Amino acid sequence: METNPARASEIIGLSPPDQPDPRWQVRVRGLSKSFGPNLVLDNLDLDIERGKVNVILGASGAGKSVLIKHFMCLLRPDKGHIWVDGTDVLSLNTQDLSKFRRKFGLVFQFSALFDALTVEENCAFPLREHTKKTKAEIKDIVADRLGSLGLQGTQKKYPGELSGGMRKRVGLARALVLEPEILMYDEPTTGLDPLATRNVDEMILDACQRYKVTSVVISHDMASVFRIADRIAMLNNRKILEAGPAEVIAQSTDPFVYEFLRASGVSAIGKLAGGVT
Ligand SMILES: Nc1ncnc2c1ncn2[C@@H]1O[C@H](COP(=O)(O)OP(=O)(O)OP(=O)(O)O)[C@@H](O)[C@H]1O
Ligand SMILES: [Mg+2]
């Protein structure tokens, strides 16, 4: 358990961000992004810790989705840099960028499955697009990922025949087929009941441990956040206001962080923060 509140200001590691670092995998410095007159991110710094569950919190519209899209260069900043394992992602040409993006897996809020394709076809899609694997190899990989997420036997079903929680697991299975190093989940539990939410939480933790991936999770569900997060970064007013180990952020004395966490669910935080009420 962290006891030093000074660690709460540990937004970034101190090593040079343009060099590979054993601890910090994604490093963002001075990131600014506007859409027309709407300045969304302003000179933002953040580091994402390798092999851990990194949660990004912030109000609706704060810019969380915009921020993580920059990690894999789905959006380009107006100013600033993003390094992943020492690679300056903004310097990559089209060909290198498409190879680089394979480091990432994305799990969206609504799973974003193709409704007209079966579960197996959905999961096989990235392998068909990005690899030269044979049909038999692809079938095996898909069966393995589905099996590890408790979805064996669903291969021939269509997304419409599955529950919301199952669809999310299929979305994760599809994100895992290319063995990404970094898995990004944008609101993976929105719209799920508490039991399904808990299943998705376990799935995130399991994927993190089993495949040794770095996880980046955007979530509004505070009970879920405190079950899964190793680190939490709070996005507010276009910047990372605080970032650090979950238990340090839970005890933050910053008025915004304190209110945000309290308003979002005291009981979950109380467990970690030693009874904040
Ligand atoms: N492609 C785009 N074009 C123009 N504006 C955009 C675009 N994408 C995002 N924005 C704007 O950027 C701001 C931040 O959006 P973003 O989706 O990152 O918020 P968020 O923190 O993910 O919110 P939520 O929790 O509701 O998903 C919003 O004002 C949004 O309207
Ligand atoms: Mg969003």
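Brief remarks on what is shown
- Only helical runs count toward this figure. For the chain, summing -39,500 (n - 2.57) over DSSP H runs of n ≥ 4 and dividing by all residues gives -10500 deg cm²/dmol at 222 nm.
- Exposure proxy ranking, count of Cβ atoms within 10 Å, fewest first, for Lys79, Lys156, Lys139: Lys156, Lys79, Lys139
- Panel order for Arg231, Arg169, by other beta carbons found within 10 Å of each beta carbon, from fewest to most: Arg231, Arg169.
- Exposure proxy shown here: for Cys73, Cys123, the number of other Cβ atoms within 10 Å sets the order, fewest to most, as Cys73, Cys123.
- Between 0 and 90 degrees, the angle of helix 164-176 with respect to the longest Cα principal axis of the chain falls at about 90 degrees.
- Stokes-Einstein translational diffusion, the chain - Kirkwood Rh over all Cα pairs, 0.890 mPa s, 25 °C, in µm²/s: 126 µm²/s
- Mean sequence separation of contacting Cα pairs (under 8 Å, at least six apart), scaled by the length of segment 112-176, corresponds to a relative contact order of 50 percent.
- If R0 is 41 Å, the Cβ-Cβ spacing of Leu74 and Thr134 corresponds to a FRET efficiency of close to 0.85.
- Near Lys157, the amide H atoms lying under 5 Å from its own belong to Val119, Glu120; only residues 5 or more places off or on other chains count, and H is placed 1.01 Å from N.
- Label zone (Ser98, point 7 Å along Cα-to-C-beta; backbone nitrogen cut-off 18 Å) within segment 162-189: 178.
- Other-chain or far-sequence residues with amide H under 5 Å of Lys33's (modelled H): Val40, Leu41, Asp42, Asn43, Asp78
- The H on the amide N of Gly105, modeled in the peptide plane, is under 5 Å from the matching H of Ile182, Leu183, Met184, each at least 5 residues off or on a different chain.
- Inter-centroid distance (Cα atoms) of segment 112-166 relative to segment 10-42, Å: 34 Å
We did not get these values from a lab; they are worked out from the coordinates using the rules stated. Everything numeric in this text was worked out from a predicted model, so none of it was measured. Every residue, glycine as well, gets a Cβ built from its backbone with ideal geometry; the counts of neighbours run over all protein chains shown.
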